[in-house]
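Asker: A single structure is presented below for examination.
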Amino acid sequence: MANFEGTIQEFHHFLGPRIRNAINNFTRNHRKNLNGICEECGFEKELHSAHIHGSDRRTIIENVLSNFNNNGIIRCDIELVEKKILEAHLPIEKCFKFLCHSCHLAYDSEVGNLTSSKIKNISSQSEEFEKISRIKLWASRPHQDNHKMISAFLYIENNGEVSLSDFKKLCTNKAEFPQFFVPTFDGHYPSMKTDRGNSHGKVFYDQNGIVSIWPQVREEIKKHFK
């Protein structure tokens, strides 16, 4: 039995990634049952689990933690509080929208005010990948930092969402994960978020501290990364 004792902020810092992954796994079956059909635009695409505004993850977590708060200090059994946080996300349909990337961005940026024109604008911004052919080359070069970063992302994603902090931690931990070690992560990551200039090419994007791979790029990665 593992216990936590600390402030709410410390809970978010130390246990936030664990809770985020647990929630992602919790919603996985529901996403699969939708067969990739976005609840907003109706197109078949990779789906994201988007918390409905007013029922965001942090608010739900802190509502649960209020039952364990004693003068600003949270004292709880970690497995018990994780179970209660997951239960607080039920029914799933009341807490989540299952949206494609474009609709998710529009929903988060406009507080739920989705319009077809906004979705179209976001989609058009994401569809141009001038350097996507590099994915095949990187896949054949496991020693290259771009290969290591994509592999590191996929490694973390096997267990749930990929936070930027976890992504950087893995790529800079040479002692335990030399196969993912990228000494210049802070320079490479921004260069893999854009096609501009001499950048490596657009692969990743992030929102609210969560890193994702663009759907078009993911299809290339599936073809070439084994």
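Asker: Do the alpha carbons of any pairs in LYS136/LYS193; LYS131/LYS226; LYS84/LYS169 sit beyond 25 Å of each other, and which pairs?
Answerer: Beyond 25 Å between Cα atoms: LYS84/LYS169.
Asker: When only C-alpha pairs under 8 Å and at least 6 residues apart count, what is the relative contact order of the chain, in percent?
Answerer: It rounds to 18 percent for the chain.
Asker: Tell me the label-point distance for the pair ARG141, LEU90, using the 7 Å Cα-to-Cβ offset, in nm and rounded to one decimal.
Answerer: Each label point is offset 7 Å from its Cα along the Cβ direction, giving 5.1 nm.
Asker: Another question, then. Read phi for every residue in segment 156-173 and hand back ³J(HN,Hα) as whole Hz from Karplus 6.51 cos²θ - 1.76 cosθ + 1.60, θ = phi - 60°, with x for Gly and Pro.
Answerer: Working through the residues one at a time gives 5, 5, 4, 10, x, 5, 10, 7, 4, 5, 5, 4, 5, 4, 5, 6, 10, 9 Hz.
Asker: Just how large is the dipole of segment 128-224 about the Cα centre, in debye to the nearest 20, putting +1 at every Lys and Arg Cβ and -1 at every Asp and Glu Cβ?
Answerer: 300 debye
Asker: What is the magnitude of the charge dipole of segment 1-73 about its Cα centre, with +1 placed on the Cβ of each Lys and Arg, -1 on the Cβ of each Asp and Glu, and no other charges, expressed in debye to the nearest 20?
Answerer: Value, rounded to 20: 220 debye.
Asker: Could you work out how much longer the chain between ASN63 and ASN29 gets when fully extended? Use 0.36 nm per residue separation minus the Cα distance between them, nm to one decimal.
Answerer: Length gained, ASN63 through ASN29: 9.7 nm.
Asker: Please list, ordered by chain and number, the residues whose modelled amide H lies under 5 Å from the amide H of SER163; skip anything fewer than 5 residues away on the same chain.
Answerer: Amide H neighbours of SER163, under 5 Å, 5+ apart: VAL211.
Asker: Please check which bits of segment 37-80 a label hung off LEU154 would reach, taking the label as a point 7 Å along Cα-to-C-beta and the cut-off as backbone N under 20 Å.
Answerer: Hits in segment 37-80 for LEU154 at 20 Å: 46-47.
Asker: Next question. How high is the relative contact order of segment 128-224, in percent, counting Cα pairs under 8 Å that sit 6 or more residues apart?
Answerer: Relative contact order here is 31 percent.
Asker: Which log10 I(q)/I(0) values, to two decimals, does segment 126-184 give at q = 0.12, 0.20, 0.22 Å⁻¹ under the Debye formula with one point per Cα?
Answerer: Treating every Cα as an identical point scatterer, log10 I(q)/I(0) equals -0.31, -0.79, -0.90.
Asker: Another question about this same structure. Roughly how many nanometres apart are two label points built 7 Å out from the Cα toward the Cβ at GLU39 and PHE177?
Answerer: Computed distance between label sites GLU39 and PHE177 equals 3.1 nm.
Asker: Once you compute Rg and the Kirkwood Rh from C-alpha atoms, what is the Rg to Rh ratio for the chain?
Answerer: 0.99
Asker: Another question about this same structure. Between SER199 and ILE78, what length comes free when the chain is fully extended (0.36 nm per residue of separation minus the Cα-Cα distance, one decimal in nm)? Don't skip to the end; give the middle numbers.
Answerer: On the way: separation 121, 0.36 × 121 = 43.56 nm, distance 4.24 nm.
That works out to 39.3 nm of additional length.
Asker: So, one more: Students often check this: by mean Cβ neighbours within 10 Å, which of 87-95, 7-15 ranks highest, and how do the rest follow?
Answerer: Result, highest mean Cβ count within 10 Å first: 7-15, 87-95.
Asker: Something else now. Using DSSP to call loops (not H, G, I, E or B), can you name the GluC sites (Glu not before Pro) in segment 128-212 whose Cβ has at most 15 other Cβ atoms within 10 angstrom?
Answerer: Sparse-neighbourhood loop GluC sites (Glu not before Pro): GLU128, GLU130, GLU176.
Asker: A further question follows. Report, in whole Å, the centroid distance computed from the Cα atoms of segment 51-72 and segment 196-226.
Answerer: The two parts, judged by their Cα centres, are 32 Å apart.
Asker: For the chain, what is the calculated [θ] at 222 nm in deg cm²/dmol (nearest 500), taking -39500 (n - 2.57) for each run of four or more DSSP H residues and dividing by its residue count?
Answerer: The helix contribution divided over the chain gives -15000 deg cm²/dmol.
Asker: Further question: Under the rule of at least 5 residues apart or a separate chain, name every residue whose amide H is placed under 5 Å from the amide H of GLU40.
Answerer: Long-range HN contacts for GLU40: CYS100.
Values quoted throughout were computed directly from the atomic coordinates according to the rules given, and no laboratory measurement underlies them. Model, not experiment: these values are computed from the prediction. Note that each Cβ is placed from the backbone with ideal geometry, even for glycine, and that neighbours are counted across all protein chains shown.
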